[in-house]
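Participant: Take this structure first; my questions come after.
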């Protein structure tokens, strides 16, 4: 299955679409890419070399347990009442190194890298993330069932929200 | 020179005036004096004891600009050292936190025991005259003072400083309200976050106990969690107190003396707290009044100058380190009662993540507001920052709630919107900043 060019293209397109929707602030469409029970997880660093690895019992930068949690984040951003979100930073995501790692029935696991350049009140910053996805095919469409993001900076400059990741 | 900083705090309560010159957030000379007279002269928080439980566990930090580390000793005590090899000054700890029975400098290989004694010098015999050279002259430099109170480890570069418990004064009571949350002690949970603010450290001290901003800056957080609580899975301990954020509960603030400050607010209701499962034990062991303070009221404490202990939706240790007049590095940890239930631990962590991180839904807003205050302060044609709100309602000494909690503040005030708690902070600041001989002053106190 790892040589399935059709699946590779489908996964790459989905990841590129996801980050395009973030960059273009089409948050409602971004949320639609996730399953209802999607987990969105950004672990914290526990040392210079290790992140936390059990989201239930350890600290995370973000740990949202369903799509409702992702909707909460967007509600706050779009409220225009969040100090850190007005004005909203501009971002450009550049996705690469997309690898389909495992396919089991309707479930697809993939990894990718992302460089995100953001620009706002604090000037420009370019930061990197490692993406680990689990996708699930429902009614023929591949959706994000889990996205784990390892944000490699651990001395953060300014707010870090879902569109920076 | 030191006397010139006195004019930066305009403290005239009889005229209903309390204001500070915004130069204190901007001026490099003020910053340099703060490093010398405050951060390198008074007690500073280093770590929690749970972060160094075993012999050889070390934790690296800074006192002012000086890199230091503390290490658990063989006898169970805590040693504190300047984090620099006695040879040429390279840092000795490869990590912020770790375990090592001996520390070997990675530069030229000098080795130290956990007690700081120099125990090996690479090629000693070919470089030094054995008749004159004594290895013991090259032990690590000990920190003059290291003490712990209820699990909170502090260090001080001033040998004449008063005992830690004296320095803490009434703030000690509030550390107890945290430390007694578990019969087995508290523990720092795995994972932390560090962020840098383009703002002066005092803006962070102010913000940490600023009840007045909650109903504006965190209105959106309240709206977000109120909306969420209509969905399944956000009941019981997973609730966040939107009523508290809107300011619709009893609350207040205290100037605790010594520059320490605290705000408090009733939990709405108390069973949203992960600690609620221990209600019976707390009431039995500590009595209803103290249990009310531990469980029924959330608290934000500033231990002067730069340790915040927050116990509202979750429990947090926040420390901040001055980098420059307009740069502050903040590090936060989640502190939790050992042995709490799985569901309480889960709720505590999730509520911590909701609010406290710069990747969360509230602290990010605080940080940006704070940075705007730094930027606005550069408008030097407008000189003063106002802190006189609440001067008409201030109570000298304890109010009824303080008497219940058996602590004795310098002043009490009737809502957490008031600013009288900052008067103690800035009086302490002024006293330290206008003292030339810091050691003598501390000894006299």
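Per-residue answers, yes or no, for (1) at the interface with chain B (Cβ under 8 Å from one of its Cβ atoms); (2) over 17 Å from the mean Cα position of the chain (by Cα); (3) closer than 25 Å to residue B:375 by Cα; (4) in a strand (DSSP E or B):
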position	(1), (2), (3), (4)
A:125	no, yes, yes, yes
A:132	no, no, no, yes
A:145	no, no, no, yes
A:159	yes, no, yes, no
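Participant: For the range B:152-172, indicate whether the set of residues that are over 16 Å from the mean Cα position of the chain (by Cα), on the phi > 0 side of the Ramachandran plot and not in a loop (DSSP other than H, G, I, E, B) is non-empty.
Facilitator: Scanning the range B:152-172 turns up no residue that is over 16 Å from the mean Cα position of the chain (by Cα), on the phi > 0 side of the Ramachandran plot and not in a loop (DSSP other than H, G, I, E, B).
Participant: Going by what's in this entry, would residue A:77 be described as closer than 17 Å to residue B:363 by Cα and either within 14 Å of another protein chain (Cβ to nearest Cβ) or outside any strand (DSSP E or B) (or both)?
Facilitator: yes
Participant: For the range B:335-345, does any single residue satisfy the condition of being more than 14 Å from chain A (Cβ to nearest Cβ), outside any helix (DSSP H, G or I) and surrounded by fewer than 19 Cβ atoms within 10 Å (Cβ to Cβ)?
Facilitator: no
Yes or no, residue by residue, for (1) at pLDDT 90 or above; (2) buried (at least 22 other Cβ atoms within 10 Å of the Cβ); (3) more than 30 Å from residue A:125 (Cα to Cα); (4) facing chain A (nearest Cβ under 10 Å):
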| position | (1), (2), (3), (4) |
| --- | --- |
| B:194 | yes, no, no, yes |
| B:198 | yes, no, no, yes |
| B:201 | yes, yes, no, no |
| B:207 | yes, no, no, no |
| B:220 | yes, yes, no, yes |
| B:231 | no, no, yes, yes |
| B:235 | no, no, yes, no |
| B:245 | no, yes, yes, no |
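Participant: Grab the helices (runs of 4 or more DSSP H) fully contained in the range B:355-445, keeping just those with 3 or more residues being at pLDDT 95 or above and within 14 Å of another protein chain (Cβ to nearest Cβ).
Facilitator: B:363-377
Participant: Still on this structure: I'm checking my understanding of the structure. Among residues of the range B:259-269 that are surrounded by fewer than 24 Cβ atoms within 10 Å (Cβ to Cβ) and within 25 Å of the chain's Cα centre (by Cα), which one is farthest from residue B:421 (Cα to Cα)?
Facilitator: The residue in question is B:267.
Participant: Scan the range A:32-39 and tell me whether some residue there is modelled with pLDDT of 95 or more, at the interface with chain B (Cβ under 8 Å from one of its Cβ atoms), more than 15 Å from the chain's Cα centre (by Cα) and surrounded by fewer than 20 Cβ atoms within 10 Å (Cβ to Cβ).
Facilitator: No, every residue in the range A:32-39 fails to be modelled with pLDDT of 95 or more, at the interface with chain B (Cβ under 8 Å from one of its Cβ atoms), more than 15 Å from the chain's Cα centre (by Cα) and surrounded by fewer than 20 Cβ atoms within 10 Å (Cβ to Cβ).
Participant: On to the next question. Looking only at the range B:103-146, filter to residues that are in contact (Cβ under 8 Å) with a residue 40 or more places away in the chain and in a strand (DSSP E or B); which one of those is nearest to residue B:75 (Cα to Cα)?
Facilitator: It comes out as B:146.
The values are calculated or read from the model by the stated rules, or taken from the named source; none is laboratory data. Please read these numbers as outputs of a predicted model, since none were measured by experiment. With ideal geometry, Cβ positions are generated from the backbone for all residues, glycine too; neighbour counts draw on all protein chains shown.
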